[in-house]
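For reference, the structure discussed in these notes is given below.
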Amino acid sequence: MNNLKTTSKQRLTVTFGIIAFILLIPAVAMQFTKEVDWNLFDFVVMGMLLSLTGLAIELVARKVTSTKWRLIITGAIVLLLLLTWAELAVGLFGTPFAGS
């Protein structure tokens, strides 16, 4: 039987590959439409947000042994990412964090 264990280096490589792919989406969209208007600051902020999320999930994968708790904590991290993204994008909660 094959051993399906992955190393930390492999997981981090995949994580940062996914982050690069996600950041390519608005970069490519900007070439075809004026609706997407990101500047360098937007890419840096989103890159940092995605990187911190990916690293937090990697930390959970390394340290938490229970599958149930891994899923719960990872879900909470992803929810926090989505709420932060929504606040930065449209000021969902009207905080000064989003410039409202």
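Summary table
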item: Residue check, residue 20 surrounded by 10 or more Cβ atoms within 10 Å (Cβ to Cβ) and touching a Leu at 6+ places or on another chain (Cβ under 6 Å); result: no
item: Top-ranked residue in the range 63-94 [being loosely packed, with under 11 Cβ neighbours inside 10 Å and either under 22 Å from residue 5 (Cα atoms) or of a type outside the set (A, V, I, L, M, F, W, C) (or both); ranked as modelled with the lowest pLDDT]; result: 94
item: Selection within the range 31-44 - of a type in the set (A, V, I, L, M, F, W, C), surrounded by fewer than 13 Cβ atoms within 10 Å (Cβ to Cβ) and over 17 Å from residue 15 (Cα atoms); result: 32, 40, 41
item: Any chance residue 87 is touching a Phe, Trp or Tyr at 6+ places or on another chain (Cβ under 9 Å) and among the charged types (D, E, K, R); result: yes
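The values are calculated or read from the model by the stated rules, or taken from the named source; none is laboratory data. Given the structure is predicted, the values throughout are model-derived calculations rather than measurements. When we count neighbours, we look across all protein chains shown, and the Cβ atoms used for this are built from the backbone with ideal geometry, even at glycine.
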